[in-house]
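The values are calculated or read from the model by the stated rules, or taken from the named source; none is laboratory data. Everything numeric in this text was worked out from a predicted model, so none of it was measured. Cβ atoms come from the backbone with ideal geometry, glycine included; neighbour counts cover every protein chain shown.
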């Protein structure tokens, strides 16, 4: 566990480092939110649950160990007990009755965070969050394989390189991550959005599962989002909430200040996840930029080494592997966007997508099959 002094020192380093760019400001009003997610990512592990106020994230009621079995039942039961204590706290405070020791502490935190009014809605705002320390550490190590190319992709699309850190928030750099609402891949695109930004064909190809195809899609999506919002914090929040929603927030409040929007905007779908998305990104960026200070002894994966080609015409995996004198398994492993029908040679690899090959393989590719992939 880091001391507060350590966290404040690292924050100072990040503020100074951030002076060279205005793309992702860190509003003072959001610092409690950023610090909360910083602790979720670097201090609390997956077997700890943090019970907190869902609006005033500096208000933390308890941190409890979570058993491996019946986790959800345990978390909800604990939540119900704590909510009853908060209901009792509000009643006692309202009636000027004596508070328990815990209740006195909670009242102090709530008043400091949101004034006396914050006390009265506390039971309804109770939420729990499990830690992500181990997952984030693994993500930092995995990211070594991807970040150099991700940053190059962002630069090529005139998008801030820091957006390469977004998979820390979305998936902890897990290429096969799936959400309960249907988002998939390291960059967590929904199918409907992905169709506009990367190759998608049912049972044939899913560009969301290729981290590099999806990174290209994310760069294009966020570049377009920034054109509409004219503010990178709003564009980034739009990645979660929808760009149209952020344009409405900007127009309704008459500001593009994300620090004001997260506190004042009352859109129907602008809930906890959307309101905290930018803070999560800032926390992830802060840690990734100072990873050795947060996680000493990291062993980052090495960047991948591949050749990239584009096919002149569709071709099946078997035929491409034979032409290049490599195994089908190696080809399939390097190209995670290929779905079952390609893998079992029922469908051909499309000609309009990049194909990744083992390094040094492209030089023996017959000219009638393909050409070097042009990344522009």
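Looking only at the stretch 143-153, residues that are more than 12 Å from residue 212 (Cβ to Cβ) and crowded, with 21+ Cβ neighbours inside 10 Å come to 1 in all. The test for being touching a helix residue (DSSP H, G or I) at 6+ places or on another chain (Cβ under 8 Å), without any contact (Cβ under 8 Å) to a residue 12 or more places away in the chain and outside any helix (DSSP H, G or I) holds for residue 182.
Can residue 107 be described as at pLDDT 95 or above, assigned to a loop (DSSP other than H, G, I, E, B), surrounded by 15 or more Cβ atoms within 10 Å (Cβ to Cβ) and touching a helix residue (DSSP H, G or I) at 6+ places or on another chain (Cβ under 9 Å)? Judged against the criteria, residue 107 is not a match. Put simply, of 282, 331 the only residue that is under 23 Å from residue 368 (Cβ atoms), surrounded by 13 or more Cβ atoms within 10 Å (Cβ to Cβ), touching a helix residue (DSSP H, G or I) at 6+ places or on another chain (Cβ under 7 Å) and touching a residue at least 12 places away in the same chain (Cβ under 8 Å) is 331. Listed by first and then second residue, the pairs linking a residue in the stretch 220-242 that is within 19 Å of residue 181 (Cα to Cα) to a residue that is assigned to a helix (DSSP H, G or I), with Cβ atoms under 6 Å apart and 6 or more places separating them unless they lie on different chains, are 237/246; 237/277; 237/278; 238/225; 238/246; 240/274; 240/277; 241/274. Among the residues of this structure, residue 344 counts as one that is surrounded by fewer than 16 Cβ atoms within 10 Å (Cβ to Cβ), closer than 16 Å to residue 206 by Cα, without any contact (Cβ under 8 Å) to a residue 24 or more places away in the chain and assigned by TED's automatic domain parsing to the domain that holds residue 316. Residues in the stretch 247-273 that are buried (at least 17 other Cβ atoms within 10 Å of the Cβ), under 18 Å from the mean Cα position of the chain (by Cα) and over 16 Å from residue 29 (Cα atoms): 270 only. Any residue that is more than 21 Å from residue 349 (Cβ to Cβ) and surrounded by fewer than 22 Cβ atoms within 10 Å (Cβ to Cβ) - is there at least one of those in the stretch 195-211? There is at least one residue in the stretch 195-211 that is more than 21 Å from residue 349 (Cβ to Cβ) and surrounded by fewer than 22 Cβ atoms within 10 Å (Cβ to Cβ). The listed residues are 312, 322, 352, and the only one of them that is farther than 30 Å from residue 31 by Cβ, touching a residue at least 60 places away in the same chain (Cβ under 8 Å) and outside the structural domain of residue 243 (by TED's automatic domain parsing) turns out to be 352.
For the residues 64, 50, 87, 34, the requirement of being under 26 Å from residue 295 (Cβ atoms), part of a helix (DSSP H, G or I) and either touching a strand residue (DSSP E or B) at 6+ places or on another chain (Cβ under 6 Å) or in contact (Cβ under 8 Å) with a residue 24 or more places away in the chain (or both) singles out 34.
In the stretch 156-165, the qualifying residues are those that are in contact with a helix residue (DSSP H, G or I) (Cβ under 6 Å, 6 or more places away or on another chain) and within 14 Å of residue 212 (Cα to Cα), and the one that is surrounded by the fewest Cβ atoms within 10 Å (Cβ to Cβ) is 157.
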